[in-house]
Amino acid sequence: MSDSADIKNHLGKYWMIGAALLVFTGITVAANQLHLAVPLAITVALIIAITKGSMVAAVFMHLSHEKKWIYGALLLTVVFFIVLMSVPFLTVNDGIGTPIHVPAPAHTGGH
Amino acid sequence: MDNVTTHGSVAHGHAHEHAHHEELGFWRKYVFSIDHKVIGIQYAFTGLLFLLFGFTLMMIMRWQMAYPGRPIPLIGAWLGQDRAPMGIMLPEFYNQLGAMHGTIMVFLGVVPLAVGGFGNFVMPLQIGAPDMAFPKLNMVSYWVYFLGGVTMLASFFPHGGAAQSGWTSYPPLAVIAPGQTMWLVGMIFLITSSLLGSVNFITTIVQLRAKGLSWMRLPFFVWAQLVTAFLLLLAFPPLEAAGVLQLMDRVAGTSFFMPSGLVISGKPMLISGNGNPLLWQHLFWFLAHPEVYVLILPAFGIISEIIANNTRKPLWGYKTLVYSVVFLGFMSFIVWAHHMFMTGMGTTMSAFFQTTTMIISIPSVIVLTSLLLSLWGASIRFNPPMLFALAFLPMFAIGGLTGLPLGLAPSDIHLHDTYYVIGHFHYVVAPGTIFALFGGVYYWFPKATGKKMNEMLGYVHFWGSFICINLVFMPMFIQGLGGMNRRMYDGGAQYAHNAGLLKWNLVIGFAAWGLGLLQIPFIINFFGSLKWGKAVDKNPWEATTLEWSAPSPPGHGNFLTDPVVYRGPYEYSVPGAARDFSPQFEA
Amino acid sequence: MEIPYIVETRADTGLNNVKLGIWLFLASEVMLFGALFSTYIILRVGAPEWPRGELSVIFGAANTIILISSSVTMVMAWASLKMHAWGKHRFYLLVTVGLALFFLVNKFFEYAEHVGKHEIPSYNTFFAIYYTLTGLHGLHIVGGIVVMLYFLGPGAKLAKKNPDQFTNRIEATGLYWHFVDLVWIFLFPVLYLL
């Protein structure tokens, strides 16, 4: 991906992807107007966002053909990103006892 | 210092003559330098000063613990009315000293010295590079670190003093306690500096290795720095995010870490609530556990260099060491919640994290075993760097093994938050990492200055420190097992069950002050050797790695000719060779 | 001082220094925003109720369109440079800066509207995370603008001295800019729609 002739072939693709991203933005907004149930709405919106994100990464950031060191570094990042995303799960889902829903806040304070 | 250097870049495949005649002014040469060696020395020197400062804070605290409520001698009168009226320390000031001791030692002392100092100075030399990949960025890293340090120091002076919620800064306490805002700003500087540095380190190691320096020929020190840089790169951003969130909580009045229904001193907090205090702990330990390995891995690297050199033998199991350290780095990201067994985390999660914690102890033991086996059958040169390296092994072993009961949830319930924990992690970091760093100073001082440090003062420094530091930390296990809590303003005197343990506070106090005094020979040695030290040639230790092929001290651009690497890093006592070392840089 | 692989690529990695460097930096940025998204999830899951429709979808969608367009112009600025079309490069880079500024102006009005309604960060956790996420993202936009202005101004001198190195720098700037765009692509649905 270095020759100027090679680049010329890509120009059209960049505009196309730009247009596709705008279309997807439209779709997200339109989907939002349907007032889907929250879990479904989140799924739809995230799928569209992931699609858009991958398009930016693959084409604009040339990730579709990159060197192995970059893939390696990103793979590592993705793994730890997933670990990081498990933090909410760890915090919320597994606790000892039942959470205290405070009716009278007077007893919960520190000193 | 400014040698006429001849070097070429490997990329061109030819060495071309290139003389540096441009004289840089004082500021560009020594202050805002972009030379990795100057920056390394700046980092190391600043780091050593902060270590001394952080240790001084602890020596003051130790007085209060040994003699609760008695006026602090010598400096007590200077501390001011809002810190120590009549020389008697206030509890708030005690808390400030504790929080800042931890912060300064970890983020301003050990890491800058181990990574910024040794990494910057030694690593490019060991891989045969003319400098770091991004020299200006390197300078920026140092100065951002410096700003962070100044912010931390300055935080003592405003009304209310410095941060007082421990180096862990758990909310909600941290959000409501005074002093924390400057701590957070300082941390954001320090984290940014580390991030820039780690990008630079990884790029340098991946891109600038000399011709012939394949991955399995890298000195182990470079491997340790590479893994460390990845830890900093990927673990620090979550803490930066958490720092920003806590800053928002303090400055903008948000409730990221503030739960609903919070009542402070009988008054309900006027906040929107719905925050989650545990979130901070997760984000904090997501960094801070890898941070433990940031502290220890460069030490492993330094120790390996010194041991190989002074046993005159190849390191035992070089590849095993490399794989262990990579695995160690990876695993360090999934053990963080073993710091949180006491937070109400469920049993499934506890089981998961205690399992990963037990797994991560395996590569640590492998590293230690490899280094221990490297001693077998060697005729060891007992010079000061080697003594520090040898002491590191049992000290780190004690630190590591005492960590196991803390990594298991059932025993942690008993030991959590006691002096046992303090003893454990100080054995890892103080007689562990800091001893390794001292060893590194003695070992690379000739390369950095062209002078050797005095051995006699080195022996005094080593043996004195070794005895004192064990007298400081060994009694903490006794106190901790006896149930004495940490962070006690009166040294634990208010609890009856500590009655039999208080005498150890005196022992620890005197040992700590002794340890302080015994750093004087080191300081004298450090500055004295600059002037009166024995001048040395390129390779005073008869070592094999690339840094010893450059002049001492190396000039701008490091090497006189393009370094080419012909063999592995630790080819000592090769059968049939004329000498007992076969350097990487000799065909 | 001759640091190798500033321009040309190293044979065994196939990379030059700046390319690897910027990707490593972006990796750390992924973790930074990852932690904030993680915070968002945790606050939302833990909240008794989570406000929806607080933000103006029009503003958000407009800013999405602006940022996506700026990503296209950014990649064109780089591609023009590759094809040695200097004038086009300047034009596209300038447009990118213009769009970025447009984004910030929009953001300013959006903030002003909420602040006018006393919907400040301490109002509730939703606005807290909204201001933090978009504020940090906005700082990244500001950073990008500074860098692009540098390459439009004093930094452009390098293009005469070492055109390849300049192209690499623009590529790195572009990678950063696309990343900022990418973050917004996730911020938009997460904050404005869901």
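The values are calculated or read from the model by the stated rules, or taken from the named source; none is laboratory data. Remember, predicted model here, so these are calculated numbers, not experimental data. Because the Cβ atoms are built from the backbone with ideal geometry, glycine has one as well, and the counts that use them run over all protein chains shown. Note: areas computed on protein heavy atoms with side chains; ligands, DNA, RNA excluded. Shrake-Rupley method; radii C 1.70, N 1.55, O 1.52, S 1.80 Å.
Things to note:
- Scanning region C:52-68 for residues that are of a type in the set (F, W, Y), at pLDDT below 95, over 29 Å from B:I191 (Cα atoms) and touching a helix residue (DSSP H, G or I) at 6+ places or on another chain (Cβ under 9 Å) turns up at least one hit.
- So B:A99, is it modelled with pLDDT under 95 and small (G, A, S): no
- Region C:4-20: number of residues that are facing chain B (nearest Cβ under 7 Å) and either farther than 14 Å from A:E66 by Cα or surrounded by fewer than 21 Cβ atoms within 10 Å (Cβ to Cβ) (or both): 6
- Candidate set from region B:537-563 (those that are touching a strand residue (DSSP E or B) at 6+ places or on another chain (Cβ under 8 Å) and modelled with pLDDT under 95); member that is surrounded by the fewest Cβ atoms within 10 Å (Cβ to Cβ): B:D562
- Where C:A27 falls short, out of the listed (1) under 17 Å from the mean Cα position of the chain (by Cα); (2) surrounded by fewer than 22 Cβ atoms within 10 Å (Cβ to Cβ): (2)
- Just one of the listed residues (B:V292, B:V251) is open to solvent by 10 Å² or more (accessible area, probe 1.4 Å), within 30 Å of the chain's Cα centre (by Cα) and away from chain A (no Cβ under 14 Å), and it is B:V292.
- Scanning region B:209-246 for residues that are open to solvent by 40 Å² or more (accessible area, probe 1.4 Å) and within 11 Å of another protein chain (Cβ to nearest Cβ), we see that the one that is farthest from B:E571 (Cα to Cα) is B:K211.
Residues are listed down the side, and each one gets a yes or a no for (1) closer than 14 Å to B:P172 by Cα; (2) open to solvent by less than 40 Å² (accessible area, probe 1.4 Å); (3) touching a Lys or Arg at 6+ places or on another chain (Cβ under 6 Å); (4) not hydroxyl-bearing (S, T, Y):
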{"site": "B:S265", "(1), (2), (3), (4)": "yes, no, no, no"}
{"site": "B:N276", "(1), (2), (3), (4)": "yes, yes, no, yes"}
{"site": "B:L279", "(1), (2), (3), (4)": "yes, yes, no, yes"}
{"site": "B:L283", "(1), (2), (3), (4)": "no, yes, no, yes"}
{"site": "B:E305", "(1), (2), (3), (4)": "no, yes, no, yes"}
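- Residue that is nearest to the other protein chains (Cβ to nearest Cβ), among those in region C:102-137 that are of a type in the set (G, A, S) and either open to solvent by 10 Å² or more (accessible area, probe 1.4 Å) or more than 24 Å from C:G34 (Cα to Cα) (or both): C:S122
- All conditions in (1) under 24 Å from the mean Cα position of the chain (by Cα); (2) open to solvent by less than 40 Å² (accessible area, probe 1.4 Å) hold for B:A378, with the sole exception of (1).
- When region B:503-549 is filtered for residues that are aliphatic (A, V, I, L, M) and assigned to a loop (DSSP other than H, G, I, E, B), the ones remaining, listed by number, are B:L518, B:V536, B:A543.
- Taking the listed residues B:W167, B:W223, B:W183, the one that is of a type outside the set (G, A, S) and closer than 30 Å to C:N124 by Cβ is B:W183, with no other qualifying.
- Check on C:I41, in contact with a helix residue (DSSP H, G or I) (Cβ under 6 Å, 6 or more places away or on another chain), open to solvent by 40 Å² or more (accessible area, probe 1.4 Å), modelled with pLDDT under 95 and among the β-branched types (V, I, T): yes
- Counting the residues of region C:63-102 that are without any contact (Cβ under 8 Å) to a residue 24 or more places away in the chain, small (G, A, S) and closer than 24 Å to A:L63 by Cα gives 2.
- Subset of region B:339-351 [buried (at least 18 other Cβ atoms within 10 Å of the Cβ) and more than 21 Å from the chain's Cα centre (by Cα)]: B:M340, B:F341, B:M345, B:M349, B:S350
- Checked against the criterion of being among the hydroxyl-bearing types (S, T, Y), open to solvent by 30 Å² or more (accessible area, probe 1.4 Å), part of a helix (DSSP H, G or I) and touching a residue at least 12 places away in the same chain (Cβ under 8 Å), region B:425-443 contains not a single residue that satisfies it.
- Within region B:62-77, being part of a helix (DSSP H, G or I) and more than 20 Å from B:I469 (Cα to Cα) holds for B:G76, B:A77.
- The one condition in (1) over 17 Å from C:L67 (Cβ atoms); (2) more than 9 Å from chain C (Cβ to nearest Cβ); (3) at pLDDT 95 or above that A:V23 fails to fulfil: (1)
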